[in-house]
Amino acid sequence: DAGVIQSPRHEVTEMGQEVTLRCKPISGHNSLFWYRQTMMRGLELLIYFNNNVPIDDSGMPEDRFSAKMPNASFSTLKIQPSEPRDSAVYFCASSLRGGTGGSPLHFGNGTRLTVT
Amino acid sequence: GESVGLHLPTLSVQEGDNSIINCAYSNSASDYFIWYKQESGKGPQFIIDIRSNMDKRQGQRVTVLLNKTVKHLSLQIAATQPGDSAVYFCAENIATGRRALTFGSGTRLQVQP
């Protein structure tokens, strides 16, 4: 099992540029989560999907952030335009039974985003 | 790589000693709890979980205790090893509303050889 795969591992971009983060969940998992980790705020849930459908996006900071899950094996998190305060580590996670609870999340190794 | 805050509480133990990491959770409606370990430059790694109808669960070298009365969770690591050095997070799943894991702020465990 390859685990949750995220790309790129590191991203450095200038303010105002579009950033796209990618995630491949564990095969067979039906829930996918995007989290952001910063020194000040810790791990924050941004959005999660059940069966490719967004269930809760209340953690998405603002309209500059959008996430899609076109199929069960792929998701993207896009920031447009990016700002320096978006600098963080972005984690994708998947689980067998998210949302309804009772199933652990399995995390990727994250994308470290730096916006200058 | 940076993955945690500057002001995390830190627990320092000697190799071979037992470690106890504590967590106060926020919501009495939480029905499922997980402990995660995060090493530098990596994502959180699942250690052990427990449901609200239990008060203790044991794994390999780890035990999780749940006290719902005071909303307290603890992780006990037996015979702590240098490889246990990491940041440990508790996470709770609230049974109503959002129903996605909410993470605590973490505790850094430093194991002295």
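Some notes on this structure:
- Flag if B:Arg57 is more than 13 Å from B:Ser26 (Cβ to Cβ), touching a residue at least 40 places away in the same chain (Cβ under 8 Å) and not in a loop (DSSP other than H, G, I, E, B): no
- Residues satisfying the stated conditions in segment A:39-86, i.e. outside any strand (DSSP E or B), in contact (Cβ under 8 Å) with a residue 40 or more places away in the chain and either within 11 Å of chain B (Cβ to nearest Cβ) or within 14 Å of the chain's Cα centre (by Cα) (or both): A:Ser73, A:Asp86
- Complete set of residues in segment B:22-38 that are assigned to a loop (DSSP other than H, G, I, E, B) and under 13 Å from the mean Cα position of the chain (by Cα): B:Tyr25
Each row is one residue, and each column tells you yes or no for (1) surrounded by fewer than 18 Cβ atoms within 10 Å (Cβ to Cβ); (2) out of contact with any Pro (no Cβ under 8 Å at 6 or more places or on another chain).
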{"site": "A:Phe33", "(1), (2)": "no, yes"}
{"site": "A:Arg36", "(1), (2)": "no, yes"}
{"site": "A:Leu46", "(1), (2)": "no, no"}
{"site": "A:Asp63", "(1), (2)": "yes, yes"}
{"site": "A:Ala72", "(1), (2)": "yes, no"}
{"site": "A:Pro81", "(1), (2)": "yes, yes"}
{"site": "A:Ser95", "(1), (2)": "no, no"}
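- For A:Arg112: the one exception among (1) assigned to a loop (DSSP other than H, G, I, E, B); (2) within 9 Å of chain B (Cβ to nearest Cβ); (3) more than 27 Å from B:Ile94 (Cβ to Cβ): (1)
- Identity of the residue in segment A:87-109, in a strand (DSSP E or B) and of a type in the set (S, T, N, Q), that ends up farthest from the other protein chains (Cβ to nearest Cβ): A:Ser94
Since every read-out is calculated from the coordinates, none of them should be taken as a lab result. This one's a predicted model, so the numbers in the text were calculated from it and none came from an experiment. A quick note on method: Cβ atoms are made from the backbone with ideal geometry, for glycine too, and the neighbour counts reach across all protein chains shown.
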